[in-house]
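Each remark here refers to the structure printed beneath this line.
The values are calculated or read from the model by the stated rules, or taken from the named source; none is laboratory data. Bear in mind the structure is a predicted one, so any value in this text is a computation, not a measurement. Here Cβ is always computed from backbone atoms with ideal geometry, including for glycine, and neighbour counts include all displayed protein chains.
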Amino acid sequence: MNTPGDNSLSARPGLAMLAPALVSRIVDEALSILATVGVDVVSPGLRTMLMERGLRADPVSGSLLFDSDNVQRAIASTPRSFTLYNRDGQPHAELGGDNVHFVPGSSGLQVLDHTTGDTRPGSTADFVDFVRLADGLPHIAYLATAFSTSDIEVLISDAWRLCLCLAHSRKPVVSGAFTPHGTGRMAAMMQLFRHDKADLIARPLSIFTITAAGMFRYSEDSCQNLIDCVDWGIPVEIVPVTLMGLIAPVTIVGATVLHCVDVLAGLTMAQLLRPGHPVLFGGAPAAFHMKTGSSPMAAIEALQLYGAYVAVAKALGLPTQAYMALSESKFNDAQAGAESFGGALLAALAGVNSVSGPGMLDYVMVYSLEKLVLDNELCGQALRFVRAIEPKNDLPMMDMVRELLAEKHLLTSEHTLKHWPGEMHLPDPVFDRLNRDAWRKAGSLSMQDRLRAEVQRGLAGYNKPAIDPQIVAEMCNMVKAGMENPQTLPAIPEFAAAAESGPGRRPSRRKT
């Protein structure tokens with residue numbers, strides 16, 4: 001009998017990467033390394049704080065040793081899920097369980113120009129186009145400070161990109177600071193959209209990336225940013241760049257052990273500073289290819305490592321992050337589609353909570369708006385694939401069988417009309433599902449033609465959310481305060497008045 005609401009007949013497609021006994025061995029090995037080898041915490045300030053909270057230093061190496069009890073307590077105190085809120089303070093995304101959110105990739109240094117096809121340094125205008133486009137893509141859950149802009153001072157570009165995101169979209173943002181003291185300025189920007197600091201802590205607007213340096217080391221930048229993120233209540237994703245065959249074993253199990261060491265160290269430090277702070281078990285691993293000297297994050301071995309460390313995190317009950325759904329290709333070609341969809345589908349099957357990667361090409365060096373619209377569709381298909389499979393008025397089948405035999409089709413069946421809108425995923429125009437005659441009548445468009453048209457359509461359809469111009473002016477002043485030459489900001493029409501406001505002027509704060 002088809003009983004509505006019978007959970008015993010429902011299952012979410014998933015990915016089984018590691019046997020439970022192997023997960024336990026990996027965790028045990030990671031705990032042993034943390035307790036006996038330890039981690040080089042470069043920041044004297046963070047070292048002191050951690051030692052005051054029970055860690056001790058190895059007398060020979062000076063590395064901090066993380067005993068198993070401390071790490072286990074940290075795992076237990078890390079929230080199993082947490083909520084990201086939008087600019088207006090409304091709940092936007094729940095990160096935990098098998099909830100999957102696709103997010104633009106970060107760290108791009110150039111853009112693939114969607115009008116000329118050339119690769120060049122990005123500008124503020126490019127970044128605003130990115131925000132406008134991503135704001136309207138249904139399968140891109142929230143934003144990221146995706147690529148650098150060459151028309152602003154490097155040391156303040158992190159704050160400038162966050163400013164542009166907050167000014168043009170209500171969506172939350174994945175971000176991070178480039179310097180040891182950048183987090184405070186960026187947090188102060190986000191506080192403009194909350195009543196006070198306590199409200200920002202209660203309703204976080206962003207996730208910040210904390211990068212483990214590898215070789216059991218946390219740099220000065222990462223240490224200070226971790227301290228500041230915890231102070232401001234900003235959820236963090238701990239992201240080791242585990243290079244298989246270079247600074248980690250070439251084998252999946254060995255690389256997973258070292259990856260877990262780096263993440264568990266960061267997670268434990270965050271919990272020692274403030275128990276209950278939201279932390280994502282993340283990563284950006286790659287396979288080091290010795291013949292070419294390259295480190296592809298979309299390599300099949302790297303995808304295995306992603307699945308393996310996510311399996312460990314799931315076994316520990318921790319929220320997850322991964323750099324997937326990206327490509328090493330230089331253009332939006334067959335390789336870009338294959339690598340991005342493979343990563344997106346595996347991430348969805350694994351239940352990765354925050355998937356950074358859409359829009360990225362060429363070893364996360366190049367950002368492409370055309371790829372972002374392509375990836376939006378690929379991510380939508382991946383999300384459709386992992387929806388729970390359950391009976392929907394189709395058990396028992398005998399009545400439909402009789403209807404099929406009588407009518408010779410089910411096109412107008414009551415069952416079809418009821419379930420078709422929710423069951424069938426209709427792809428965006430970037431995907432060609434026309435027959436050849438219809439394709440010719442539509443203009444014989446290539447995928448490149450369709451991608452370019454979708455970018456233009458998305459930009460033309462952008463609906464800018466209202467924002468108090470005084471808040472924009474105050475964010476611009478915060479950017480200027482960190483510049484060596486604060487006389488001018490890059491020209492953006494919406495910011496014209498705000499950019500004229502001098503560094504010392506502080507408009508009254510108003511909420512949207």
For the stretch 73-128, which positions are at positive phi and modelled with pLDDT of 95 or more? Gly89, Gly96, Gly97
What number of residues in the stretch 469-489 are outside any helix (DSSP H, G or I), in contact with a helix residue (DSSP H, G or I) (Cβ under 9 Å, 6 or more places away or on another chain) and touching a residue at least 12 places away in the same chain (Cβ under 8 Å)? 5
Ala159, sole failed condition from (1) in contact with a Leu (Cβ under 9 Å, 6 or more places away or on another chain); (2) in a helix (DSSP H, G or I); (3) buried (at least 24 other Cβ atoms within 10 Å of the Cβ): (1)
Search the stretch 412-436 for residues that are within 21 Å of Gly337 (Cβ to Cβ) and without any contact (Cβ under 8 Å) to a residue 12 or more places away in the chain and pair each with any residue that is small (Gly, Ala, Ser) and surrounded by 10 or more Cβ atoms within 10 Å (Cβ to Cβ) when their beta-carbon atoms are under 8 Å apart and the residues are at least 6 apart or on different chains. Leu434/Ala442
Among the residues of the stretch 111-128 satisfying the criterion of being outside any helix (DSSP H, G or I) and of a type in the set (A, V, I, L, M), which is farthest from Pro427 (Cα to Cα)? Val111
Selection over the stretch 6-51 where residues are touching a helix residue (DSSP H, G or I) at 6+ places or on another chain (Cβ under 9 Å), of a type in the set (D, E, K, R) and closer than 21 Å to Ser219 by Cβ yields a count of 1
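Filter the stretch 205-221 down to the residues that are surrounded by 23 or more Cβ atoms within 10 Å (Cβ to Cβ) and touching a Pro at 6+ places or on another chain (Cβ under 9 Å), then identify the one that is nearest to Met49 (Cα to Cα).
This residue is Ala212.
One line per residue, one yes/no per condition, for (1) farther than 26 Å from Gly283 by Cβ; (2) aromatic (Phe, Trp, Tyr):
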position	(1), (2)
Phe82	no, yes
His92	no, no
Asp98	no, no
Asp113	yes, no
Asp118	yes, no
Tyr142	no, yes
Ala146	no, no
Thr149	yes, no
Conditions (1) within 29 Å of Ala202 (Cα to Cα); (2) charged (D, E, K, R); (3) free of Cβ contacts under 8 Å to residues at least 40 places away in the same chain; number of the one not met by Asp113: (1)
Could you go through the stretch 236-245 and let me know if any residue there is touching a strand residue (DSSP E or B) at 6+ places or on another chain (Cβ under 8 Å), farther than 23 Å from Ser107 by Cβ and of a type in the set (S, T, N, Q). no
Quick test of your reading of the structure: Gly461 fulfils all but one of (1) under 30 Å from Leu395 (Cα atoms); (2) touching a Gly at 6+ places or on another chain (Cβ under 7 Å). Name the failing condition by number. (1)
Just the residues that are in contact (Cβ under 8 Å) with a residue 12 or more places away in the chain, farther than 17 Å from Lys464 by Cα and out of contact with any Ser or Thr (no Cβ under 7 Å at 6 or more places or on another chain), please, taken from the stretch 118-139. Thr119, His139
Matching residues, the stretch 270-287, being assigned to a loop (DSSP other than H, G, I, E, B) and over 14 Å from Phe208 (Cα atoms): Arg274, Pro275, Gly276, Ala284, Pro285
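Sort out which residues of the stretch 206-220 are assigned to a loop (DSSP other than H, G, I, E, B) and at pLDDT 95 or above, and write them in order of number.
First pass over the stretch 206-220, keeping only residues assigned to a loop (DSSP other than H, G, I, E, B): 211-216, 219.
Thr211, Phe216, Ser219, listed by residue number.
Considering only the stretch 353-403, how many residues are of a type in the set (Gly, Ala, Ser) and within 18 Å of Val430 (Cα to Cα)?
Filtering the stretch 353-403 down to residues of a type in the set (Gly, Ala, Ser) leaves 354, 356-357, 359, 368, 380, 382, 388.
If we keep only those that are within 18 Å of Val430 (Cα to Cα) as well, we get 359, 368, 380, 382.
The qualifying residues number 4.
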Just to be sure before I move on: is Val131 within 20 Å of Met365 (Cα to Cα), at pLDDT 95 or above and outside any helix (DSSP H, G or I) in the structure I sent? no
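Which one is farthest from Gly184 (Cα to Cα) among residues in the stretch 221-259 that are polar (S, T, N, Q) and part of a loop (DSSP other than H, G, I, E, B)?
Within the stretch 221-259, the first condition is being polar (S, T, N, Q), and the residues that meet it are 222, 224-225, 242, 251, 256.
When the remaining residues are screened for being part of a loop (DSSP other than H, G, I, E, B), the result is 242, 251.
On the way: Thr242: 28, Thr251: 40 Å.
The selected residue is Thr251.
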